[in-house]
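Heads up, the thing below is written out as structure tokens.
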Amino acid sequence: MTALASSREAAQARAAVLIEALPYIQRFRGRIVVVKYGGNAMVDPSLAATFAEDVVLMRSVGLRPVVVHGGGPQISELMARLGMVPEFRDGQRVTDAETVDIARMVLVGKVNREIVSAINVHGPLAVGVSGEDAGLIGASARDPELGFVGDVDSVHPAILERLLAEDLIPVVSTIGADASGQAYNINADAVAGAIAEALAAEKVIYLTDIEGLLADLADPASLISRIDGAALQGLIDDGTLTGGMIPKIDACLHAVANGVGSAHLLDGRLPHVLLLELFSDEGIGTMITHEPVA
Ligand code: ADP
Ligand code: MG
């Protein structure tokens, strides 16, 4: 092939990628997409930058993204630096008054700021909010034994709706408060699902550190690309899901049963995975719907 022909071909391929995005952009225009940001994508600086680009692109083509972030490893890291020993009971962090204070400092004061600044490199777009702001997340203790580990009791999404109406991108830290103002650290998977429900989001997307939901954890080729709520409940009951996948899947099941169009588990290690899922024909990760999958 001549140099001219091959450069024309490359240009056609680039144009084809953009055209492939067109029906998705039209379909999702104005729709709310809640993205739970966590795992590796959040720790690797170059992935953090591509994540920010994806979110800005979503917003630029008319979607309304809301980012909800975790930060467990960052909390453990600061505790270690302070010489505190994290205590876990059944895989859940025991959170005394000092620990919830540190969790709040790390999530609201550090992790949230980093995401907001990465997005705002592209323009004045992102605004950080804590679940304590404007009553966004009402919480209560999950179990007195665990201290200030909270469950979501209520979501008051007005602050997010106001930010979205101004074309801003809310970035939410998952600290909630009870009626007395006591702060609780809440699992970010649960918060993302609850916010997606409260906003009647089109999608809730979980970026994680694995290809998606696997039928066999030891075999990446066992990726389940589509599954419905009923089948998923079966996988919980038969023990296919363990560890950090359980709160995620619980949140997905709840969200799709309560009006969210679909829930997605995507591999946050893959650069631009959000764009691939939203704007291309390529099926990627795991898609969870309430409607039965044939
Ligand atoms: P995140 O930071 O995204 O919340 P977690 O470690 O909490 O990450 O949850 C993802 C982990 O869930 C995976 O790395 C995997 O070890 C675990 N997991 C358990 N069962 C499954 C399964 N059936 N398919 C995929 N991942 C699973
Ligand atoms: Mg997790």
(message) Taking the criterion of being of a type in the set (S, T, N, Q), within 20 Å of PRO247 (Cα to Cα) and surrounded by 22 or more Cβ atoms within 10 Å (Cβ to Cβ), would at least one residue in the stretch 146-167 satisfy it?
(response) no
(message) Looking at the stretch 3-13, can you tell me whether even one residue there is among the basic types (Lys, Arg) and either open to solvent by 90 Å² or more (accessible area, probe 1.4 Å) or within 16 Å of ligand 1 (Cβ to nearest atom) (or both)?
(response) yes
(request) Return the residue satisfying two criteria in turn: it lies in the stretch 55-80 and is in a helix (DSSP H, G or I) and under 20 Å from LEU160 (Cα atoms), and of such residues it is farthest from ligand 2 (Cβ to nearest atom). (result) SER60
(message) Given the criteria over 28 Å from ARG27 (Cβ atoms) and near ligand 1 (Cβ under 8 Å from one of its atoms), does LEU241 qualify?
(response) yes
(message) Contact list please: Cβ distance under 7 Å, first residue in the stretch 63-91 and over 30 Å from PRO23 (Cα atoms), second residue open to solvent by less than 90 Å² (accessible area, probe 1.4 Å) and of a type in the set (Lys, Arg), pairs at least six apart or on different chains.
(response) PRO86/ARG93
(request) Name the one entry in ASP178, ASP151 that is closer than 21 Å to GLY70 by Cα, within 16 Å of ligand 2 (Cβ to nearest atom) and modelled with pLDDT of 95 or more. (result) ASP151
(message) Can you go through HIS264, HIS254 and tell me which one is of a type outside the set (A, V, I, L, M, F, W, C), surrounded by 14 or more Cβ atoms within 10 Å (Cβ to Cβ) and more than 13 Å from ligand 1 (Cβ to nearest atom)?
(response) HIS254
(request) Sort out which residues of the stretch 18-44 are assigned to a helix (DSSP H, G or I), at pLDDT 90 or above, of a type outside the set (Ser, Thr, Tyr) and open to solvent by 30 Å² or more (accessible area, probe 1.4 Å), and write them in order of number. (result) LEU18, ILE19, GLU20, LEU22, PRO23, ILE25, GLN26, ARG27
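The values are calculated or read from the model by the stated rules, or taken from the named source; none is laboratory data. Just so it is clear, the structure is predicted and the values come from calculations on it, not from any experiment. With ideal geometry, Cβ positions are generated from the backbone for all residues, glycine too; neighbour counts draw on all protein chains shown. Please note that ligands, DNA and RNA were not included when accessible areas were found on the heavy atoms of the full protein model with its side chains. Shrake-Rupley method; radii C 1.70, N 1.55, O 1.52, S 1.80 Å.
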